[in-house]
Amino acid sequence: GAVVSQHPSRVICKSGTSVKIECRSLDFQATTMFWYRQFPKQSLMLMATSNEGSKATYEQGVEKDKFLINHASLTLSTLTVTSAHPEDSSFYICSANIRNTIYFGEGSWLTVV
Amino acid sequence: RKEVEQDPGPFNVPEGATVAFNCTYSNSASQSFFWYRQDCRKEPKLLMSVYSSGNEDGRFTAQLNRASQYISLLIRDSKLSDSATYLCVVKEQAGTALIFGKGTTLSVSS
């Protein structure tokens with residue numbers, strides 16, 4: 001069964017609104033989770049590292065005020081895309097470091113119209 | 001800049017063919033190396049880890065050359081089900097995120 005669950009799998013939102021994506025570690029605690037974004041025919045690009053109980057570490061070029069990450073518990077990290085624009089449309093995927101093994105969520109397809 | 005570079009592809013091969021993918025990485029201090037497979041619109045899935053001694057898993061053989069910072073994946077007797085994008089992945093140290101190459105697309109036809 002899945003070790004990391006991501007929700008929603010697909011979401012369509014209007015330009016200017018905010019969207020929250022959840023990443024849950026099932027049955028195991030994950031002190032560190034990673035958020036990636038993948039544009040069509042491109043690589044998975046690391047956006048940020050989410051640490052439980054502390055602020056996320058963002059990669060260069062990723063706006064922390066636009067992509068809000070909250071890791072309030074050992075089993076849940078959330079990514080909120082604020083004031084979404086069509087260029088934010090992408091595949092967002094989380095992963096969790098559990099016992100030194102990386103597990104991926106199923107990914108979330110975001111379309112901003 | 002942290003980089004993982006791969007053959008651009010796509011590779012279009014008939015069933016039964018042998019195909020090789022190559023990858024180079026820029027950080028000589030990288031510690032762990034992997035090949036992942038990603039199907040269209042899905043999350044990446046671990047295919048195999050890569051070691052300097054080389055490792056084989058059925059039709060798949062992976063090799064790491066630390067001196068050249070080069071990673072390879074060989075697929076023998078290609079199957080239709082092997083059609084996917086193959087991602088070369090590097091981990092610089094324990095606890096850090098995976099760094100992905102852009103991927104090489106393989107299409108196996110009958």
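How many of the residues in the stretch B:1-30 are within 21 Å of B:ASP57 (Cβ to Cβ) and open to solvent by 60 Å² or more (accessible area, probe 1.4 Å)? Result for the stretch B:1-30: 2.
Restricting attention to the stretch A:27-52, the residues that are closer than 17 Å to A:THR80 by Cα and part of a loop (DSSP other than H, G, I, E, B) add up to 1. If you scan the stretch B:52-110, which residues turn out to be under 10 Å from the mean Cα position of the chain (by Cα) and in a loop (DSSP other than H, G, I, E, B)? Answer for the stretch B:52-110, where residues must be under 10 Å from the mean Cα position of the chain (by Cα) and in a loop (DSSP other than H, G, I, E, B): B:GLY101, B:GLY103.
Can you say whether A:PHE67 is aromatic (Phe, Trp, Tyr), over 21 Å from B:VAL89 (Cα atoms) and modelled with pLDDT of 95 or more, as far as the supplied structure shows? Against the criterion (aromatic (Phe, Trp, Tyr), over 21 Å from B:VAL89 (Cα atoms) and modelled with pLDDT of 95 or more), A:PHE67 qualifies. Note on the stretch B:81-109: among residues that are touching a residue at least 60 places away in the same chain (Cβ under 8 Å), farther than 11 Å from B:ASN12 by Cα and open to solvent by 40 Å² or more (accessible area, probe 1.4 Å), the one that is nearest to the other protein chains (Cβ to nearest Cβ) is B:LYS102.
Would you be able to tell me the number of residues in the stretch A:33-54 that are within 23 Å of B:LYS91 (Cβ to Cβ) and either away from chain B (no Cβ under 12 Å) or modelled with pLDDT under 90 (or both)?
5
Tell me, please, whether a residue that is surrounded by fewer than 17 Cβ atoms within 10 Å (Cβ to Cβ), in contact with a helix residue (DSSP H, G or I) (Cβ under 9 Å, 6 or more places away or on another chain) and hydroxyl-bearing (Ser, Thr, Tyr) can be found in the stretch A:15-28. Yes - at least one qualifying residue is present in the stretch A:15-28.
Considering the stretch A:12-32, the residues that are more than 14 Å from chain B (Cβ to nearest Cβ) and among the aliphatic types (A, V, I, L, M) include one that is nearest to B:ALA97 (Cα to Cα), namely A:LEU26. Considered as a group, the residues in the stretch B:62-80 that are among the polar types (S, T, N, Q) and touching a residue at least 40 places away in the same chain (Cβ under 8 Å) include one that is farthest from A:SER50 (Cα to Cα), and that residue is B:SER78.
Considering each of A:ALA96, A:ALA84 in turn, give the residue that is open to solvent by less than 30 Å² (accessible area, probe 1.4 Å), modelled with pLDDT under 95 and aliphatic (A, V, I, L, M).
Result of the check over A:ALA96, A:ALA84: A:ALA96.
Against the test of being farther than 25 Å from B:LYS91 by Cα and among the hydroxyl-bearing types (Ser, Thr, Tyr), the options A:THR101, A:THR75, A:THR57, A:THR82 yield a single qualifying residue, A:THR82.
Counting the residues of the stretch A:57-110 that are under 14 Å from the mean Cα position of the chain (by Cα), in a loop (DSSP other than H, G, I, E, B), within 13 Å of chain B (Cβ to nearest Cβ) and in contact (Cβ under 8 Å) with a residue 24 or more places away in the chain gives 3. With respect to B:SER53, is the statement that it is polar (S, T, N, Q), at pLDDT 95 or above and more than 25 Å from A:ASN97 (Cα to Cα) true? No; evaluated as a whole, the condition is false for this residue.
The values are calculated or read from the model by the stated rules, or taken from the named source; none is laboratory data. Here the structure is a predicted model, which means the values were calculated and not measured. Backbone-built Cβ (ideal geometry, glycine too); neighbour counts: all protein chains shown. Heads up: the accessible areas ignore ligands, DNA and RNA and are worked out on the full protein's heavy atoms, side chains in. Shrake-Rupley method; radii C 1.70, N 1.55, O 1.52, S 1.80 Å.
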